[in-house]
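Quick notes on the structure that follows.
The values are calculated or read from the model by the stated rules, or taken from the named source; none is laboratory data. These figures come from a predicted structure and were not determined experimentally. Note that each Cβ is placed from the backbone with ideal geometry, even for glycine, and that neighbours are counted across all protein chains shown.
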Amino acid sequence: MSSIAAETRRAVDTMPYLRYALRAGVVNYTEAARQLDIAAETGAVASALRRYAAELPPLETSERTVRVRMEREVSAADTDISAVGQEATDRTIITLEGEIDAGRFGRVLSALGPTGVTVRGAEFASETGSVLVDQGDGSTALRSVEAVLDEPT
(Lines give C-alpha, C1' and ligand atoms only; values in the text may rest on other atoms or scores of the structure.)
Protein backbone atom coordinates (compact mmCIF):
# COMPACT_ATOMS: atom_id res chain seq x y z
CA MET A 1 0.00 0.00 0.00
CA SER A 2 1.31 3.43 -0.90
CA SER A 3 0.93 6.70 0.95
CA ILE A 4 -1.31 9.55 -0.18
CA ALA A 5 1.78 11.72 -0.62
CA ALA A 6 3.47 9.14 -2.86
CA GLU A 7 0.32 8.62 -4.94
CA THR A 8 -0.10 12.37 -5.30
CA ARG A 9 3.49 12.83 -6.47
CA ARG A 10 3.14 10.04 -9.02
CA ALA A 11 -0.10 11.54 -10.32
CA VAL A 12 1.42 15.01 -10.60
CA ASP A 13 4.54 13.69 -12.32
CA THR A 14 2.36 12.17 -15.07
CA MET A 15 0.77 15.59 -15.69
CA PRO A 16 3.48 18.05 -16.77
CA TYR A 17 1.04 20.96 -16.89
CA LEU A 18 0.07 20.40 -13.24
CA ARG A 19 3.71 20.12 -12.16
CA TYR A 20 4.44 23.35 -14.05
CA ALA A 21 1.47 25.07 -12.37
CA LEU A 22 2.64 23.89 -8.95
CA ARG A 23 6.10 25.32 -9.63
CA ALA A 24 4.51 28.58 -10.79
CA GLY A 25 2.34 28.75 -7.67
CA VAL A 26 -0.93 29.10 -9.59
CA VAL A 27 -2.87 26.06 -8.43
CA ASN A 28 -6.15 25.82 -6.55
CA TYR A 29 -5.07 22.83 -4.47
CA THR A 30 -8.56 21.67 -3.55
CA GLU A 31 -9.77 21.73 -7.14
CA ALA A 32 -6.61 20.01 -8.38
CA ALA A 33 -7.06 17.33 -5.69
CA ARG A 34 -10.61 16.69 -6.93
CA GLN A 35 -9.27 16.13 -10.44
CA LEU A 36 -6.69 13.55 -9.43
CA ASP A 37 -7.71 9.89 -9.37
CA ILE A 38 -6.54 9.15 -5.83
CA ALA A 39 -8.60 7.12 -3.38
CA ALA A 40 -8.39 9.55 -0.46
CA GLU A 41 -10.20 12.54 0.97
CA THR A 42 -9.86 15.70 -1.09
CA GLY A 43 -8.38 17.62 1.85
CA ALA A 44 -5.63 15.04 2.34
CA VAL A 45 -4.70 15.12 -1.35
CA ALA A 46 -4.76 18.93 -1.34
CA SER A 47 -2.36 18.91 1.61
CA ALA A 48 -0.07 16.50 -0.22
CA LEU A 49 -0.14 18.83 -3.24
CA ARG A 50 0.82 21.81 -1.06
CA ARG A 51 3.75 19.91 0.44
CA TYR A 52 4.92 18.69 -2.95
CA ALA A 53 4.67 22.22 -4.41
CA ALA A 54 6.84 23.54 -1.58
CA GLU A 55 9.56 21.00 -2.47
CA LEU A 56 9.58 21.72 -6.21
CA PRO A 57 12.08 24.24 -7.57
CA PRO A 58 10.42 27.54 -8.45
CA LEU A 59 10.20 28.56 -12.08
CA GLU A 60 13.04 30.71 -13.26
CA THR A 61 11.74 33.99 -14.56
CA SER A 62 13.34 36.70 -16.56
CA GLU A 63 12.18 39.99 -17.85
CA ARG A 64 10.51 39.85 -21.21
CA THR A 65 12.80 41.08 -23.96
CA VAL A 66 10.06 41.44 -26.54
CA ARG A 67 7.80 44.47 -26.76
CA VAL A 68 4.21 43.80 -27.86
CA ARG A 69 1.92 46.41 -29.40
CA MET A 70 -1.68 46.13 -30.52
CA GLU A 71 -3.24 48.49 -33.05
CA ARG A 72 -6.94 48.34 -33.93
CA GLU A 73 -8.88 49.37 -37.01
CA VAL A 74 -6.18 48.60 -39.56
CA SER A 75 -6.49 46.99 -42.95
CA ALA A 76 -4.10 44.64 -44.65
CA ALA A 77 -3.42 47.44 -47.13
CA ASP A 78 -2.09 49.56 -44.22
CA THR A 79 0.52 46.89 -43.46
CA ASP A 80 3.15 44.93 -45.33
CA ILE A 81 1.29 41.72 -44.51
CA SER A 82 -0.27 39.66 -47.28
CA ALA A 83 -3.68 38.99 -45.79
CA VAL A 84 -6.08 36.13 -46.36
CA GLY A 85 -9.69 37.11 -46.99
CA GLN A 86 -11.36 40.33 -47.92
CA GLU A 87 -9.80 43.70 -47.51
CA ALA A 88 -11.32 45.12 -44.37
CA THR A 89 -10.57 47.89 -41.93
CA ASP A 90 -11.88 45.95 -38.97
CA ARG A 91 -8.62 44.18 -38.25
CA THR A 92 -6.18 44.30 -35.38
CA ILE A 93 -2.44 43.95 -35.77
CA ILE A 94 -0.26 42.57 -32.99
CA THR A 95 3.39 43.56 -33.42
CA LEU A 96 6.30 41.92 -31.58
CA GLU A 97 9.70 43.60 -31.52
CA GLY A 98 12.90 42.57 -29.78
CA GLU A 99 14.49 39.23 -28.98
CA ILE A 100 12.18 37.01 -31.01
CA ASP A 101 13.28 34.39 -33.51
CA ALA A 102 11.36 32.35 -36.07
CA GLY A 103 10.84 29.44 -33.64
CA ARG A 104 9.32 31.62 -30.95
CA PHE A 105 7.17 33.42 -33.53
CA GLY A 106 5.99 30.02 -34.75
CA ARG A 107 4.96 29.15 -31.17
CA VAL A 108 2.99 32.43 -31.04
CA LEU A 109 1.11 31.48 -34.21
CA SER A 110 0.51 27.93 -32.99
CA ALA A 111 -0.93 29.22 -29.71
CA LEU A 112 -3.60 31.20 -31.54
CA GLY A 113 -5.21 28.16 -33.17
CA PRO A 114 -6.74 26.60 -30.04
CA THR A 115 -8.16 29.99 -28.99
CA GLY A 116 -10.36 30.20 -32.09
CA VAL A 117 -8.55 33.32 -33.34
CA THR A 118 -8.34 33.40 -37.14
CA VAL A 119 -4.97 34.65 -38.31
CA ARG A 120 -5.63 36.79 -41.40
CA GLY A 121 -1.96 37.33 -42.10
CA ALA A 122 1.45 37.08 -40.47
CA GLU A 123 4.94 38.30 -41.18
CA PHE A 124 8.31 37.74 -39.56
CA ALA A 125 11.63 39.44 -40.27
CA SER A 126 14.69 39.75 -38.05
CA GLU A 127 13.44 40.41 -34.51
CA THR A 128 10.03 41.70 -35.64
CA GLY A 129 6.82 39.76 -36.13
CA SER A 130 3.30 40.87 -36.94
CA VAL A 131 0.00 39.04 -36.78
CA LEU A 132 -3.19 40.36 -38.36
CA VAL A 133 -6.47 39.16 -36.80
CA ASP A 134 -10.11 40.19 -36.85
CA GLN A 135 -10.72 43.17 -34.58
CA GLY A 136 -13.02 41.20 -32.28
CA ASP A 137 -10.19 38.72 -31.68
CA GLY A 138 -7.56 41.32 -30.79
CA SER A 139 -7.73 40.99 -27.00
CA THR A 140 -7.68 37.19 -27.10
CA ALA A 141 -4.78 37.25 -29.53
CA LEU A 142 -2.87 39.69 -27.35
CA ARG A 143 -3.32 37.54 -24.23
CA SER A 144 -2.21 34.43 -26.14
CA VAL A 145 0.87 36.17 -27.54
CA GLU A 146 1.86 37.46 -24.10
CA ALA A 147 1.36 34.01 -22.56
CA VAL A 148 3.79 32.49 -25.08
CA LEU A 149 6.32 35.24 -24.49
CA ASP A 150 6.08 34.76 -20.73
CA GLU A 151 6.91 31.03 -21.02
CA PRO A 152 10.47 30.10 -20.11
CA THR A 153 12.59 29.71 -23.23
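What about residue 20, is it in contact with a helix residue (DSSP H, G or I) (Cβ under 8 Å, 6 or more places away or on another chain) and surrounded by 15 or more Cβ atoms within 10 Å (Cβ to Cβ)? No; evaluated as a whole, the condition is false for this residue.
When residue 82 is tested against (1) modelled with pLDDT under 90; (2) within 30 Å of residue 24 (Cβ to Cβ); (3) not in a helix (DSSP H, G or I), only condition (2) is not met. The one condition from (1) in contact with a helix residue (DSSP H, G or I) (Cβ under 7 Å, 6 or more places away or on another chain); (2) closer than 13 Å to residue 70 by Cβ that residue 143 does not meet is (1).
Screening the stretch 63-77 for residues that are surrounded by 14 or more Cβ atoms within 10 Å (Cβ to Cβ) and of a type outside the set (A, V, I, L, M, F, W, C) and picking the one that is modelled with the lowest pLDDT gives 75.
Among the residues of the stretch 115-141, which ones are of a type in the set (S, T, N, Q), more than 19 Å from the chain's Cα centre (by Cα) and outside any helix (DSSP H, G or I)? Within the stretch 115-141, 126, 128 meet the criteria. When 108, 117, 131 are checked against the criterion of being surrounded by 14 or more Cβ atoms within 10 Å (Cβ to Cβ), touching a helix residue (DSSP H, G or I) at 6+ places or on another chain (Cβ under 8 Å), at pLDDT 90 or above and more than 18 Å from residue 97 (Cα to Cα), a single residue qualifies: 117.
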